[in-house]
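*Asks:* Have a look at this one before I ask anything.
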Amino acid sequence: MSTRRIILLLILGIVLAFGGYIAYTLATTRNHSPKSTAEFSKDGLEMSVVYCRPYKKGRLIFGSSADGALQPYGEYWRMGANEATQIKINQTVNFGGQELAAGEYVVYAVPGESNWTIGLNSELGRWGAFEVDHELDIMQVEVSPGTAASEFEQFTIEFEEVDSATVHMNLMWDKTKVPVPIVRNS
């Protein structure tokens, strides 16, 4: 067998091994951060959030980068894993204090110790942790984080009806709970 043929077979073997590794990683990523949907439907208002739910696994979730936090304060977070988190709302609402037209949006966060920025962006279908193109932001709102009643091992988003007009989209992980107020337009 010629040297050239051996080199080609070696390169082919490396490419196949790398391709197999990538395929395996993509096929099993949902095991580590399964896809989920949070839904709310009442009196004509319908909302859903599709996101992937990573686990805490003993890690520090929110905090300073110096402390080794998985999600450091002040840095972009896609609010989950795998694909970007997307929210769909069927009617105009007040989202965190600003008017939001019905539609589907990427939703992301910039966590902070005493203040979180929640952003909505029109760049749908994103995959991976890469930051959104902020030129396509629809809005950013500021909300205050709180402490969850119990610890959440897995990142969770749920809707909580506060009163007949207000629903909170709660973001919960570890001992953090961040309520984002969504108010029906009258």
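The values are calculated or read from the model by the stated rules, or taken from the named source; none is laboratory data. Fair warning: this is a prediction, and the values are worked out from it, not measured in the lab. Using ideal geometry, Cβ is built from the backbone for each residue, glycine included, and neighbour counts are taken over all protein chains shown.
*Asks:* Of all residues in region 139-167, how many are closer than 15 Å to Trp116 by Cα and not β-branched (Val, Ile, Thr)? Outline the logic, then answer.
*Replies:* The first filter runs over region 139-167 and keeps only residues closer than 15 Å to Trp116 by Cα, leaving 139-147.
Filter once more, so that each one left must be not β-branched (Val, Ile, Thr): 139-140, 142, 144-146.
So the count comes out to 6.
*Asks:* If you don't mind, there's one more thing I want to ask. Any residue at all in region 127-143 that is of a type in the set (Val, Ile, Thr) and within 14 Å of Arg78 (Cβ to Cβ)? It would help to see each step written out before you state the result.
*Replies:* At the first step, the residues of region 127-143 found to be of a type in the set (Val, Ile, Thr) are 132, 138, 141, 143.
Now restrict to residues that are within 14 Å of Arg78 (Cβ to Cβ): 132.
Yes, that holds for at least one residue.
*Asks:* Pairs needed: first member in region 139-154, part of a strand (DSSP E or B); second member anywhere, among the aromatic types (Phe, Trp, Tyr); C-beta distance under 8 Å; at least 6 residues apart or different chains.
*Replies:* Pairs found: Met139/Phe95; Val141/Phe95; Glu142/Trp116; Val143/Trp116; Phe152/Trp173; Glu153/Tyr55; Gln154/Tyr55; Gln154/Trp173.
Residues checked against (1) among the basic types (Lys, Arg); (2) in contact (Cβ under 8 Å) with a residue 24 or more places away in the chain; (3) within 18 Å of Glu158 (Cα to Cα):
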| site | (1), (2), (3) |
| --- | --- |
| Lys35 | yes, yes, yes |
| Glu46 | no, yes, yes |
| Ser65 | no, no, no |
| Ala69 | no, no, no |
| Tyr105 | no, yes, yes |
| Val110 | no, yes, no |
| Trp116 | no, yes, yes |
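*Asks:* Right, next: Restricting to region 82-122, what's the tally of residues that are over 19 Å from Arg184 (Cβ atoms) and of a type in the set (A, V, I, L, M)?
*Replies:* In the first step, residues of region 82-122 are kept if they are over 19 Å from Arg184 (Cβ atoms); the result is 82-86, 106, 108-117, 119, 121-122.
Narrowing the set further to residues that are of a type in the set (A, V, I, L, M) leaves 84, 106, 109-110.
Adding up the residues that qualify gives 4.
*Asks:* Take the residues of region 12-63 that are at pLDDT 95 or above and aliphatic (A, V, I, L, M): which is nearest to Ser114 (Cα to Cα)?
*Replies:* Ile61
*Asks:* Looking at region 56-84 only, could you name the residues that are under 24 Å from Val106 (Cβ atoms), touching a Gly at 6+ places or on another chain (Cβ under 8 Å) and surrounded by fewer than 16 Cβ atoms within 10 Å (Cβ to Cβ)?
*Replies:* Passing the criteria: only Gly74.
*Asks:* Take region 37-55 and flag every residue that is surrounded by fewer than 16 Cβ atoms within 10 Å (Cβ to Cβ) and under 20 Å from the mean Cα position of the chain (by Cα).
*Replies:* Residues of region 37-55 surrounded by fewer than 16 Cβ atoms within 10 Å (Cβ to Cβ): 37, 39, 41-44, 46, 55.
The answer is Thr37, Glu39, Glu46, Tyr55.
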